[in-house]
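The values are calculated or read from the model by the stated rules, or taken from the named source; none is laboratory data. Because the structure is predicted, anything quoted here is derived from the model rather than measured. Neighbour counts are summed over all protein chains in view; Cβ atoms, including those assigned to glycine, are modelled from backbone coordinates with ideal geometry. Side chains included, ligands, DNA and RNA excluded: accessible areas come from the protein's heavy atoms. Shrake-Rupley method; radii C 1.70, N 1.55, O 1.52, S 1.80 Å.
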Amino acid sequence: MARGSGARARETRRRRAAKRAEETRRAAKRTASDGGGQRRERRGKLWPVAGALVLATVVCGAVLLFLSPLPEDVWRDVAPRWPGGGYGLAASAGFVLFPCVGGVVVGLGGLFENSSAWRRSHEPRRLTGAAGHGLLAAGCGLLGAAGVVVVTTTLGGKGGARSDSLSVFLRGEYPSVGYAALGGIVAPLLVAPAAVRLREALGRRNREG
């Protein structure tokens, strides 16, 4: 009788210990899940901050370049040697703006993703990927800033109110250069849907073949 009571008591204690262990395991799992959710939430909140920093960097770089003597040197020295002259330069500058924005977005996304993965695994390839995506974002940002400077200087070539030497030069040498820049800006918007449709058509052809 006493032996049976002792066995039942041990079985009860064993069940209680197992129940406590299971509750502890579930609580730890919930904590880990909450921590992952909080990390994802923090990363989600970083996106607007990073985007604002990149935008501010590009705008500040564009303003500094615009106020420097570099734009005048570009239009007087580089534009005559550029394919298509000043009109080709303006169209090229406008054309790269949207791709540069996409490159900055992709670069920042890859930078955050690889940095998070490297903190978890410490794999060297993740660190290399983060550095590569960071260089992509920085390069596209600088190229975009240069494009913004070239495009904004064309506003003086469309008969604007500016009367400095560069504006006079643009109005005299390239009177319609602003429209060339506008055409370059619009061109990617027209090319992108055609490229998507072409890719889909090639994909269907490969699957059928």
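Identify, please: which residue in the stretch 71-104 is open to solvent by less than 80 Å² (accessible area, probe 1.4 Å) and among the β-branched types (Val, Ile, Thr) and is, among those, nearest to Ser165 (Cα to Cα)?
Here the answer is Val74.
Go through (1) open to solvent by 80 Å² or more (accessible area, probe 1.4 Å); (2) modelled with pLDDT of 85 or more; (3) aliphatic (A, V, I, L, M) one by one and return the number of the condition Leu155 breaks.
(2)
Here's a check for you: in the stretch 177-190, which residue that is open to solvent by 80 Å² or more (accessible area, probe 1.4 Å) and of a type in the set (A, V, I, L, M) is farthest from the chain's Cα centre (by Cα)? Walk me through it before giving the result.
Of the stretch 177-190, the ones open to solvent by 80 Å² or more (accessible area, probe 1.4 Å) are 179, 182, 189-190.
Filter once more, keeping what is of a type in the set (A, V, I, L, M): 182, 189-190.
Values: Leu182: 23, Leu189: 18, Leu190: 21 Å.
Top of the filtered list is Leu182.
Return the pair list, or none, for Cβ contacts closer than 6 Å from residues in the stretch 181-209 that are in contact (Cβ under 8 Å) with a residue 12 or more places away in the chain and at negative phi to residues that are open to solvent by 50 Å² or more (accessible area, probe 1.4 Å) and part of a helix (DSSP H, G or I), at least 6 apart or on different chains.
Matching pairs, first to second residue: Gly184/Phe95; Ala187/Phe95; Pro188/Phe98.
Considering only the stretch 121-131, I want to know if a residue exists there that is basic (Lys, Arg) and either in contact (Cβ under 8 Å) with a residue 24 or more places away in the chain or open to solvent by 70 Å² or more (accessible area, probe 1.4 Å) (or both). First the steps, then the outcome.
Within the stretch 121-131, the first condition is being basic (Lys, Arg), and the residues that meet it are 125-126.
Remaining after also requiring either in contact (Cβ under 8 Å) with a residue 24 or more places away in the chain or open to solvent by 70 Å² or more (accessible area, probe 1.4 Å) (or both): 125.
The answer is yes, given that some residue of the stretch 121-131 is basic (Lys, Arg) and either in contact (Cβ under 8 Å) with a residue 24 or more places away in the chain or open to solvent by 70 Å² or more (accessible area, probe 1.4 Å) (or both).
State whether one or more residues within the stretch 108-115 are open to solvent by less than 60 Å² (accessible area, probe 1.4 Å) and under 21 Å from Gly184 (Cα atoms).
no
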